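Undergrad: I have a structure here, written as structure tokens, and I will follow up with some questions on it.
The values are calculated or read from the model by the stated rules, or taken from the named source; none is laboratory data. Model, not experiment: these values are computed from the prediction. Cβ atoms come from the backbone with ideal geometry, glycine included; neighbour counts cover every protein chain shown. Only protein heavy atoms, including side chains, enter the accessible area calculation; ligands, DNA and RNA are left aside. Shrake-Rupley method; radii C 1.70, N 1.55, O 1.52, S 1.80 Å.
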Amino acid sequence: MTMWRALLLSMVFAAAPSRAAEHWVYFGNRSTEPGQGIAAARFDSKTGRLTPAGVVADVNRPTWLLAHPTLPVIYAVSDPTGEAQSESNVFAFSADKATGKLSTLNSVASGGGGATHLTFDTESKSIFVAHFRTGHVSWFPVANDGRLGDLYAKQSNYGTGPHRRQTSPHAHGVVVDPSHRYVLAADLGADRVFVYRFDTATHQLTPGTPPFVSLAPGSGPRHLAFHPSGRFVFLVTELSADLVSYRWDAESGALQQVQIVPMDEPSFAGARNAAHIQASSDGRFVYASNRGANSMQVYAVDEQTGKLTEVQRISATGKTPWDFSLDPTGRWLLVANNASNSINVFSVDPASGKLTPGEAWLPINQPSNVTFLPAAN
């Protein structure tokens, strides 16, 4: 099937959505080909249908996107060269809520190389950036109109691991804790989750006490997600394909391991390669993508202990599910299948948490991120 035919079919699936139920969804990608940029589509949360809007911003290799929590603003990392000493950039874009088009507000040097992940802190109005290539975590203020300010501070992760990809630290994912005092950084190269305290009065970013929690050698920590209660943190490891549950102490900034759950079945013989994790807004379920097995996996959360129990493993209906996101209603989950160049839609059963593949999909070249923004009604 040609790309144009696939696009036509996706438009047919997306005919006449209800505007009251629409959201804009934006897609980052890893492509270095000209004209890729950030793509967008309207998403109808009543039907699960997508209406493509094409490329809405010309930016080089926007591998990770983030929506401002209250403004029509999208942030994007850009690391076009991949050279060891080159510094990445972070862009702020204003979104036209009628058309989905993005206009550049400003951009800043990111504070390190290989910018790969972003998180937003609502209380301090700031953004934190994880840098895979150089192992840095950096902190930027955000103005009232969504523009990025000058660098507040940055910290360097440290450590190595036994895997060939662990010769130096590689900060891969960052999250802010619900107390708005700590930022946690999962480091694939160091086999550690680093904890940094940030002070909004002095703009200092300092190591916590303790400064990190270690994982088994060769685990390769990748992404983190807080439980809505703030009591637990869930981690997905890339190299060992495990889910790790921690109890979080917001007073001391300490992590206490609760459980490790292997994502792959005992009979799995391929290369382990997990990617992303997200908790449902009600805290009852955790979703994770497994690129090695090309699967999406669902886990029930014990809200007293933080332990996880597998509910479902299902084909991602594509290859290499790099990222995914639940839509704002929690009724749908969109998966970025990187190696099959597709965005695939699943419905979510609110009672069981289970996923069902839908018919709607969208062709996107090497998609690496799915980010929702409410659309105009």
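Undergrad: Please work out which residue is least open to solvent (accessible area, probe 1.4 Å), limiting yourself to the stretch 338-377 and to residues that are of a type outside the set (A, V, I, L, M, F, W, C) and touching a helix residue (DSSP H, G or I) at 6+ places or on another chain (Cβ under 7 Å). Walk me through how you get there before you give the answer.
TA: Going residue by residue through the stretch 338-377, those that are of a type outside the set (A, V, I, L, M, F, W, C) are 338, 340-342, 344, 347, 349-350, 352-354, 356-359, 363, 365-369, 371, 374, 377.
Within this subset, residues satisfying the condition of being touching a helix residue (DSSP H, G or I) at 6+ places or on another chain (Cβ under 7 Å) are 359, 363, 377.
Details: E359: 141, P363: 18, N377: 137 Å².
Step by step, filter the stretch 338-377, then rank; the result is P363.
Undergrad: Considering only residues that are outside any loop (DSSP other than H, G, I, E, B) and of a type in the set (D, E), which ones fall in the stretch 338-374? Lay out the reasoning, then the answer.
TA: The initial filter retains those residues of the stretch 338-374 that are outside any loop (DSSP other than H, G, I, E, B), namely 342-348, 355-363, 367-374.
Listed by number, the list holds a single entry, E359.
Undergrad: Please tell me if K101 is of a type in the set (K, R), crowded, with 16+ Cβ neighbours inside 10 Å, within 30 Å of T167 (Cβ to Cβ) and at pLDDT 95 or above. Outline the logic, then answer.
TA: Working: of a type in the set (K, R): yes; crowded, with 16+ Cβ neighbours inside 10 Å: yes; within 30 Å of T167 (Cβ to Cβ): no; at pLDDT 95 or above: yes.
No: the conditions fail for K101.
Undergrad: Identify the residue in the stretch 31-48 that is charged (D, E, K, R) and crowded, with 18+ Cβ neighbours inside 10 Å and, among all such residues, is nearest to S103 (Cα to Cα). Walk me through how you get there before you give the answer.
TA: Quick first cut of the stretch 31-48, residues charged (D, E, K, R) only: 33, 42, 44, 46.
Subsequent filtering for residues that are crowded, with 18+ Cβ neighbours inside 10 Å retains 42, 44.
Details: R42: 18, D44: 24 Å.
Applying the filter and picking the extreme gives R42.
Undergrad: Residues of the stretch 199-223 being closer than 15 Å to G189 by Cβ, surrounded by fewer than 19 Cβ atoms within 10 Å (Cβ to Cβ) and touching a residue at least 24 places away in the same chain (Cβ under 8 Å), which ones?
TA: A216, P217, G218, listed by residue number.
Undergrad: Take A300 and tell me if it is closer than 29 Å to D249 by Cα and among the small types (G, A, S). Give the derivation first.
TA: Working: closer than 29 Å to D249 by Cα: yes; among the small types (G, A, S): yes.
So A300 fits the description; yes.
Undergrad: Pairs please, first residue from the stretch 322-342 and within 13 Å of N290 (Cβ to Cβ), second anywhere and open to solvent by 40 Å² or more (accessible area, probe 1.4 Å) and basic (K, R), Cβ atoms under 6 Å, 6+ apart in sequence or on different chains.
TA: Here the result reads N337/K319, each pair linking the stretch 322-342 to a residue that is open to solvent by 40 Å² or more (accessible area, probe 1.4 Å) and basic (K, R).
Undergrad: While we're on this one: Taking T51, is it crowded, with 19+ Cβ neighbours inside 10 Å, of a type in the set (S, T, N, Q) and either more than 16 Å from the chain's Cα centre (by Cα) or assigned to a strand (DSSP E or B) (or both)?
TA: Details: crowded, with 19+ Cβ neighbours inside 10 Å: yes; of a type in the set (S, T, N, Q): yes; either more than 16 Å from the chain's Cα centre (by Cα) or assigned to a strand (DSSP E or B) (or both): yes.
When the stated conditions are applied, T51 passes them.
Undergrad: Specify the residue that is nearest to V298 (Cα to Cα); the eligible residues are those in the stretch 327-337 that are open to solvent by less than 20 Å² (accessible area, probe 1.4 Å) and not in a loop (DSSP other than H, G, I, E, B).
TA: Step one: filter the stretch 327-337 for residues open to solvent by less than 20 Å² (accessible area, probe 1.4 Å), giving 327, 333-337.
Now restrict to residues that are not in a loop (DSSP other than H, G, I, E, B): 333-337.
Details: L333: 12, L334: 14, V335: 14, A336: 17, N337: 17 Å.
Checked the stretch 327-337; the qualifying residue nearest to V298 (Cα to Cα) is L333.
Undergrad: Which one is least open to solvent (accessible area, probe 1.4 Å), of the residues in the stretch 298-317 that are touching a residue at least 40 places away in the same chain (Cβ under 8 Å) and not in a strand (DSSP E or B)?
TA: G306
Undergrad: Have a look at T119, T160 and point out the one that is in a loop (DSSP other than H, G, I, E, B) and either within 25 Å of W322 (Cα to Cα) or aliphatic (A, V, I, L, M) (or both).
TA: Working: T119 fails: in a loop (DSSP other than H, G, I, E, B).
Being in a loop (DSSP other than H, G, I, E, B) and either within 25 Å of W322 (Cα to Cα) or aliphatic (A, V, I, L, M) (or both) holds for just one of T119, T160, which is T160.
Undergrad: A further question on this structure: I'd like to check something: does the stretch 276-290 contain any residue that is part of a loop (DSSP other than H, G, I, E, B), more than 26 Å from P69 (Cβ to Cβ) and open to solvent by less than 50 Å² (accessible area, probe 1.4 Å)? Can you show your working first?
TA: The first filter runs over the stretch 276-290 and keeps only residues part of a loop (DSSP other than H, G, I, E, B), leaving 280-284.
From what's left, more than 26 Å from P69 (Cβ to Cβ): none.
Scanning the stretch 276-290, I find no residue that is part of a loop (DSSP other than H, G, I, E, B), more than 26 Å from P69 (Cβ to Cβ) and open to solvent by less than 50 Å² (accessible area, probe 1.4 Å), so the answer is no.
Undergrad: For the stretch 224-241, give me each residue that is open to solvent by 30 Å² or more (accessible area, probe 1.4 Å) and assigned to a strand (DSSP E or B).
TA: Across the stretch 224-241, the qualifying residue is only F226.
Undergrad: Step by step: first the residues of the stretch 136-157, then only those that are under 15 Å from A76 (Cα atoms) and either part of a loop (DSSP other than H, G, I, E, B) or of a type in the set (G, A, S) (or both), then the one that is most open to solvent (accessible area, probe 1.4 Å). Which residue is that?
TA: Filtering the stretch 136-157 for residues that are under 15 Å from A76 (Cα atoms) and either part of a loop (DSSP other than H, G, I, E, B) or of a type in the set (G, A, S) (or both), the one most open to solvent (accessible area, probe 1.4 Å) comes out as R147.
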